[in-house]
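Okay, handing you the structure first.
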Number of protein chains: 2
Amino acid sequence: MPQNTGKGSSEGSQSRREFLQRIGAVGGVSAVYQAMVTMGLLLPGDAGAIESRQRWQVGASQLAQEDKPLVAVLGGGIAGLCIAYELKKAGFPFFLVEAQGRPGGRSHTVRNGSVISEVGSDQTCLFDAGEELYFNAGPARISHHHSNLLAYCRELEVALEPFVNDNRAAYIHSASAFAGQPKPAKQVIASMRGAIAELLAKAINAGALDTDIGFGERAAVLQVLRDYGDLSLSYQYNGSTRAGIAPGTGGLSPGAAEPALDWHEIFNHPDIPFIANFVEGYNQSATMLQPRGGMDRIAYALANQVQESAYYGVEVTAIRRTASGVRIEGRTPEVSGAAEADYAIVTIPPSVRRNIPNDFSSAARSAIGAVQYANPTKIAFQSDRFWEREDEIYGGISWTDPDILQMWYPSGGLGQAQGILVGSYLFGGSNASQFTNLTPQARIDLALNAGAEIHPSLAAHASRGISIAWSNVPYTLGGWAISSPSSILQAPDGPFLFAGDHLTYLRGWQEGAVVSGLNALANLTELIA
Amino acid sequence: MPQNTGKGSSEGSQSRREFLQRIGAVGGVSAVYQAMVTMGLLLPGDAGAIESRQRWQVGASQLAQEDKPLVAVLGGGIAGLCIAYELKKAGFPFFLVEAQGRPGGRSHTVRNGSVISEVGSDQTCLFDAGEELYFNAGPARISHHHSNLLAYCRELEVALEPFVNDNRAAYIHSASAFAGQPKPAKQVIASMRGAIAELLAKAINAGALDTDIGFGERAAVLQVLRDYGDLSLSYQYNGSTRAGIAPGTGGLSPGAAEPALDWHEIFNHPDIPFIANFVEGYNQSATMLQPRGGMDRIAYALANQVQESAYYGVEVTAIRRTASGVRIEGRTPEVSGAAEADYAIVTIPPSVRRNIPNDFSSAARSAIGAVQYANPTKIAFQSDRFWEREDEIYGGISWTDPDILQMWYPSGGLGQAQGILVGSYLFGGSNASQFTNLTPQARIDLALNAGAEIHPSLAAHASRGISIAWSNVPYTLGGWAISSPSSILQAPDGPFLFAGDHLTYLRGWQEGAVVSGLNALANLTELIA
């Protein structure tokens, strides 16, 4: 018998499932949980999801085939796709309905010939065809601790590569700092560290912290601060090679440290000190990952597993409760129809779901109505990779003032001739509203104009701009929830279960969609039991 | 005429060279330099190398074909290969002699079937065959500002990908810290930032820095420190989600911050505070890169360009001066012989070069004799990627006590079943000497035993260990120079020119080899002129 390589062999899953069923018949859920730990079937990461996965897998393994209900999965984004995939692996009858003609929902990767449809405009992507010439219009990075999503990538052999989130050669720019000159992040960060270490060393040497730092450890603390800030022997920050080296030095001669930036200018700026800390965040710190070739590789890998039970291009027009379950009404451009099921797991975003006639409870309807949304926007261009050749920028993010806020350089295809540059990414708010209200051409003009503050030659290189304003996209109508997840919607509502990243504290992350999907599946098994 | 795609078209180079020759004939070097800037032929990076490249390209472009001398290139590491490639592009007659049977020198990537030969031992690599199952026994990362090396990667279409140097999920471990428990780097770094920000805020609030921080900016500075350290409203560091979230939280419920580590324990440790700053360094900060599939992709790409003029497996036995140039004596296992040339560019490492009979000047001989070497060591294992599944570590480096110092996780092939783990990397010093003196099996035992302090299950996963101690490798006899570059060897010595990373301040980096090679070529053109 071949060794189980961990490559998602259904053979291995089947025998494990049988084994767990036998254990469960004797020792119940806790015995099964212990067995799963021993067998290495549980993943690290968010404990809530481990528990959900355990409840789902144990519950499903204890159901006889004839007791498995028919489940309707509404929505074919990451939540709906992973739910459908789990249902299939567990042998449940199910069908998935998705309004758009493709899987993935907001996990939309745009390439040559892709169309971005917004209310009032359609844009066709004119990038050249090419493995690395893609634009992740929705989610574009995965944290290393998004373990449930990454487990699907492993299981379905979606190739992963590092996503460069922290690039010290990328720029920090503001019209109101450094005379409007973009500075490599390494200069700003080295100056902040230098100033903080210098000020603290000064206070310590003046005896201001003697109650915190014993006389015996003062020398050690000062030594640590000197290295932390790259300070001089007299504990001053006079610049550092960490900030880069001066032109005309290095190589055959020693590199001369870039001088310090004025820390007052940094610390008094409304944005820059916070920008410099961004990559320290829980969901933003290294290692970040991406699928090679585009984020939608994950959605398609899941979709390929469930394609015989998935219906694309079918808009749900009503979600009804029946005496014994649910009735889903839907339509294509040509026909209308309905299908019945025992349960429905609804992953259609609340922004859209609230406008579909339904038989949810009034508490659920009210919770769905209360979800508030961010309105993020992005724009991307094809360009020769001048940022690599001329600026030594390989992946990562430059930051500027809020009109375009960020430019993202591709982490894939490094060294190739052409690449896709994200010319702006706005998380939401008033600048995003303004961007949303522009025509596609006006967005291009804005991004090229503002981007020239960072890269003066931008417009000479970048072309074929294509943009998205998520609040304008039908079947999505927003980027991600900004209100807290509803505990009402985390629980079943009769035959209805809900899923989507908006039900987690990982809002806007695909991992949140997976975690919410596992929760819905866990709840489903308890509805049945 | 097709557009020049920047993909190293020799057609483009030829017409540019002719154009520059015409300009040079009229305006001399400075006119050519300006033209090159305008044409975008100069790269950013170390200005010294830009100047060398310019001197070489302009000088070479101004030579008539019949004036180009025959050049012997001794050594087929990165320095020798890039020199040979430049000579070829410029139409010079040349030959390259390399003692080993492969190009690359220290840039040696070990795969299934590769042999690591040391004085007294040969190890054959037993890794499975596979694109990602390689061990970079020598250099293993490239800084984003190693622009001259990266330019060759672009020109020769060597696929590049991010190298994860800074992974906040990798561990920092010491027997003398945290009760010997490995801690994710994010916990250590968040605690250091928190402690530094908390102490400084306290000093500021006590008025200890009023001469540095004006009353008007105090609030702004405190606000910056709160975000810098993720402090509480009362400016205390009580842990942070930046350090990770507590087990059992996150996902469906809010993530609870990991508590603070005792900063006294960190600051009083002899190594940990410095380890945490490592990736701030000029040559270590993001973005770092690697060729996809192994570092030797660069060496082979260069070697493929010059294969008709390269002789492998030929050991140089004497480097002689003749009336009109040089005579290179050499031997294979079968035969001995000699070849004459007008000039020799000697890239054989000083550690080896000083033992070859030669006619260098006494000043050069003395400089070569004075070069001191580091004795780094590495060991690698094949393993299933348990660190990804169980520890959420994707690439990067864990640090531990000096017996093995570092473990490196692969940055390529993320999510695959198997990977190559570097079980130890010692830069040099007494621990490296001890490691060097062990048998291959004893090195394996040491690395598995010490590595278990970080990954208790290491020995159950890792196998097929293979190690290298660079001071023991024939034709290399060391890792990199630790003494300062010799200005004597940066200049020509009669018909001899020298190259190698040891002649730069980028010792141990392939970029140093390239920079030194461009310097030798620049000097060559001036010898001829």
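So which residues in segment A:334-345 are surrounded by 16 or more Cβ atoms within 10 Å (Cβ to Cβ) and assigned to a loop (DSSP other than H, G, I, E, B)?
A:ASP342
Can you spot a residue in segment B:108-130 that is touching a helix residue (DSSP H, G or I) at 6+ places or on another chain (Cβ under 9 Å), in contact (Cβ under 8 Å) with a residue 24 or more places away in the chain, over 23 Å from B:ILE78 (Cα atoms) and within 14 Å of chain A (Cβ to nearest Cβ)?
no
While we're on this one: Looking at segment A:357-397 only, could you name the residues that are farther than 27 Å from A:GLY500 by Cβ, in contact (Cβ under 8 Å) with a residue 60 or more places away in the chain and outside any helix (DSSP H, G or I)?
A:PHE381, A:GLN382, A:SER383, A:ASP384, A:GLU392, A:ILE393, A:TYR394, A:GLY395, A:GLY396
Looking at (1) part of a loop (DSSP other than H, G, I, E, B); (2) over 30 Å from B:LEU289 (Cα atoms); (3) within 10 Å of chain B (Cβ to nearest Cβ), which is the one condition that is false for A:LEU200?
(1)
From the list B:GLY500, B:GLY428, B:GLY415, B:GLY423, exactly one residue is in contact with a Gly (Cβ under 8 Å, 6 or more places away or on another chain), at positive phi and free of Cβ contacts under 8 Å to residues at least 60 places away in the same chain. Which is it?
One residue alone meets the criteria, B:GLY428.
What are the residues in segment A:237-259 that are more than 7 Å from chain B (Cβ to nearest Cβ), assigned to a loop (DSSP other than H, G, I, E, B) and either of a type in the set (Phe, Trp, Tyr) or surrounded by 19 or more Cβ atoms within 10 Å (Cβ to Cβ) (or both), if any?
Residues satisfying the conditions are A:TYR237, A:GLY239.
For residues in segment A:291-300 being more than 10 Å from every other protein chain (Cβ to nearest Cβ) and outside any helix (DSSP H, G or I), which is surrounded by the fewest Cβ atoms within 10 Å (Cβ to Cβ)?
Among those that are more than 10 Å from every other protein chain (Cβ to nearest Cβ) and outside any helix (DSSP H, G or I), it is A:GLY293.
Quick check on my filter: what residues within segment A:121-137 are part of a loop (DSSP other than H, G, I, E, B) and of a type in the set (A, V, I, L, M, F, W, C)?
The answer is A:CYS125, A:LEU126, A:PHE127, A:ALA129, A:LEU133, A:ALA137.
For the subset of segment A:263-281 comprising residues that are buried (at least 21 other Cβ atoms within 10 Å of the Cβ) and under 19 Å from B:GLU258 (Cβ atoms), which member is nearest to the other protein chains (Cβ to nearest Cβ)?
Among them, the one singled out is A:GLU280.
B:TRP509 versus (1) within 25 Å of B:SER147 (Cα to Cα); (2) surrounded by 24 or more Cβ atoms within 10 Å (Cβ to Cβ): which is the lone unmet condition?
Unmet condition: (2).
Which condition does A:ALA469 not pass, out of (1) surrounded by fewer than 24 Cβ atoms within 10 Å (Cβ to Cβ); (2) touching a residue at least 12 places away in the same chain (Cβ under 8 Å); (3) under 19 Å from A:PHE381 (Cβ atoms); (4) not acidic (Asp, Glu), if it passes all the others?
For A:ALA469, the failing item is (1).
Within segment A:205-217, work out how many residues are more than 7 Å from chain B (Cβ to nearest Cβ) and either under 20 Å from A:ILE189 (Cα atoms) or free of Cβ contacts under 8 Å to residues at least 24 places away in the same chain (or both).
7
If you don't mind, there's one more thing I want to ask. Would you point out which residue out of B:SER191, B:SER234, B:SER174, B:SER143 is more than 7 Å from chain A (Cβ to nearest Cβ), among the hydroxyl-bearing types (Ser, Thr, Tyr) and free of Cβ contacts under 8 Å to residues at least 24 places away in the same chain?
Checking each option against the conditions leaves just B:SER234.
Output yes when any residue across segment B:317-333 is at pLDDT below 95 and either farther than 28 Å from B:GLY91 by Cα or surrounded by 22 or more Cβ atoms within 10 Å (Cβ to Cβ) (or both), and no when none is.
So far as segment B:317-333 goes, yes, one or more of its residues are at pLDDT below 95 and either farther than 28 Å from B:GLY91 by Cα or surrounded by 22 or more Cβ atoms within 10 Å (Cβ to Cβ) (or both).
Of (1) in a loop (DSSP other than H, G, I, E, B); (2) in contact with a Pro (Cβ under 9 Å, 6 or more places away or on another chain), A:ILE348 satisfies all except one. Which?
Evaluating A:ILE348 over (1) in a loop (DSSP other than H, G, I, E, B); (2) in contact with a Pro (Cβ under 9 Å, 6 or more places away or on another chain) leaves (2) as the failure.
Kindly provide the set of residues from segment A:146-164 that are assigned to a loop (DSSP other than H, G, I, E, B) and either in contact with an Asp or Glu (Cβ under 9 Å, 6 or more places away or on another chain) or facing chain B (nearest Cβ under 9 Å) (or both), ordered by number.
A:HIS146, A:GLU157, A:VAL158, A:ALA159, A:VAL164
Can you pull out the residues in segment B:218-231 that are surrounded by 20 or more Cβ atoms within 10 Å (Cβ to Cβ), within 7 Å of chain A (Cβ to nearest Cβ) and not aliphatic (A, V, I, L, M)?
Matches in segment B:218-231: B:TYR228 only.
I've got another one for you. Looking at the structure I just gave you, is B:HIS461 touching a residue at least 24 places away in the same chain (Cβ under 8 Å), in contact with an Asp or Glu (Cβ under 7 Å, 6 or more places away or on another chain), of a type outside the set (Lys, Arg) and farther than 30 Å from A:GLY293 by Cα?
Yes; evaluated as a whole, the condition is true for this residue.
Moving on to the next point. In segment A:384-421, which residues are polar (S, T, N, Q), surrounded by fewer than 23 Cβ atoms within 10 Å (Cβ to Cβ) and within 14 Å of another protein chain (Cβ to nearest Cβ)?
Of everything in segment A:384-421, those that are polar (S, T, N, Q), surrounded by fewer than 23 Cβ atoms within 10 Å (Cβ to Cβ) and within 14 Å of another protein chain (Cβ to nearest Cβ) turn out to be A:GLN416, A:GLN418.
Now for a different question. Output the residues belonging to segment B:458-491 that are in a helix (DSSP H, G or I), farther than 26 Å from B:ALA447 by Cα and not hydrophobic (A, V, I, L, M, F, W, C).
Of everything in segment B:458-491, those that are in a helix (DSSP H, G or I), farther than 26 Å from B:ALA447 by Cα and not hydrophobic (A, V, I, L, M, F, W, C) turn out to be B:SER487, B:GLN490.
The values are calculated or read from the model by the stated rules, or taken from the named source; none is laboratory data. None of the values given here were measured: they were computed from a predicted structure. Please note: Cβ atoms are built from the backbone with ideal geometry, for glycine as well, and neighbour counts cover all protein chains shown.
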